[in-house]
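Below you'll find the structure, written out as C-alpha cells, and then a few comments.
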Amino acid sequence: MMRIGVLASGRGSNLQALIKEWQEGRLAGDIVAVGSDNPQALALKRAEEAGIPHKGFPRSSYTSRQEQEQAILNWLQEQKVELLVLAGFMRVLSEEFLREFQKPVLNIHPSLLPAFPGLDAQRQALEYGVKVSGCTVHFVDEGLDSGPIILQEAVPVLPEDTEESLSNRILEVEHRLYPQAVNLVASGKVVRKGRIVEIS
Ligand code: GRF
C-alpha cells in the first residue's frame with residue numbers, strides 16, 4: 001500500500017473525504033501523515049480523531065519560509081511518504097521542495113483549469129460570468145495551479161449563485177473526484193507524458 005501524506009491549511013473537508021474512503025477500505029493507500037502550516041487547522045483535529053500522525057509547522061517557529069518548508073519536507077520523508085496530497089494547502093511549494101521530495105504531489109483546485117488559477121477561484125468564475133465551472137485534480141509543478149491535469153469535472157453556474165452556493169456545489173464533486181484521482185495514481189494507473197496524463 002502506498003504511503004500517503006496530506007498537507008492542509010484549513011477546514012480539511014477534502015482530507016475528511018479521503019479519511020472516510022480509507023476507513024471504509026476503498027483507498028489504494030494508507031494516510032500516514034497530515035501536516036499543516038496552520039496549527040489551528042481543523043484538518044489537524046480531523047487527523048487526530050482518525051489516529052493519523054499529524055503536525056503543525058507555524059511560520060513563527062522558523063526564521064524563514066524556506067526553513068519552514070524544509071521542516072515539512074524532512075517530516076514527510078521521516079514518515080516515508082510516497083505520495084503527497086495537497087488539500088487546501090495555502091502555500092506554493094518551491095522548486096527545491098519538489099526536486100528534493102521526488103515523489104508525486106497532487107492538488108485539487110476549485111475551477112476548470114487553466115481558467116481561474118490562484119485564490120478565490122469560485123469568485124473569479126462568478127465575476128467572469130462563466131456558465132460552467134468545476135474542479136481539477138492535477139500534478140503539482142513549480143507554477144501556480146499549472147501542473148498536468150489528471151481529472152476534471154464540471155458543474156453548472158446558476159444565475160442565482162453566490163460564492164458560497166457555487167463553492168458548495170463544486171465541493172461536493174471535489175469530495176468524490178479527489179479520492180478517485182488519488183486511487184488512480186496510487187494504483188499506478190496514471191502515466192505522465194509531459195503535460196498529458198494518460199489513465200489506463
Ligand atoms: C477546496 O475548495 C480546494 O479545492 C481548494 O481549497 C479548498 C479546501 O477545502 N484547494 P477543504 O479544506 O478541503 O475543506
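Each value in this text was obtained by applying a stated rule to the coordinates, not by laboratory testing. It should be emphasised that the depicted structure is a prediction, and the values quoted were computed from it without experimental measurement. Virtual Cβ from ideal backbone geometry, glycine too; neighbours counted across all protein chains shown.
Numbers for the structure displayed
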item: Which of PRO114, VAL191, SER146, positive extreme of dipole for the range 107-200 (C-beta unit charges); result: VAL191
item: Largest to smallest principal axis extent of the C-alpha atoms in the range 12-93, angstrom; result: 41, 24, 21
item: Evaluated at q = 0.09, 0.18 Å⁻¹: base-10 log I(q)/I(0), Debye formula over Cα of the chain; result: -0.32, -1.31
item: Relative contact order (%) - criterion: Cα under 8 Å, at least six apart; region: the range 107-200; result: 27
item: GNM flexibility winner over the chain from ARG91, ARG99, ARG169 (Cα, springs under 10 Å); result: ARG99
item: GluC sites (Glu not before Pro) within the range 99-196, DSSP loop, no more than 14 other Cβ atoms inside 10 Å; result: GLU142, GLU160
item: Entries of LYS80/LYS189; LYS55/LYS103; LYS103/LYS193; LYS103/LYS189 with Cα pairs more than 18 Å apart; result: LYS80/LYS189; LYS55/LYS103
item: In Hz, Karplus ³J(HN,Hα) per residue of the range 48-56 (6.51, -1.76, 1.60; θ = phi - 60°; x = Gly, Pro); result: 4, 4, 8, x, 9, x, 9, 7, x
item: Sequence-separation-based contact order of the chain, relative, with Cα cut under 8 Å and 6+ spacing, percent; result: 20
item: Kirkwood hydrodynamic radius (C-alpha pairs) into Stokes-Einstein, the range 107-200, 37 °C and 0.692 mPa s, D in µm²/s; result: 241
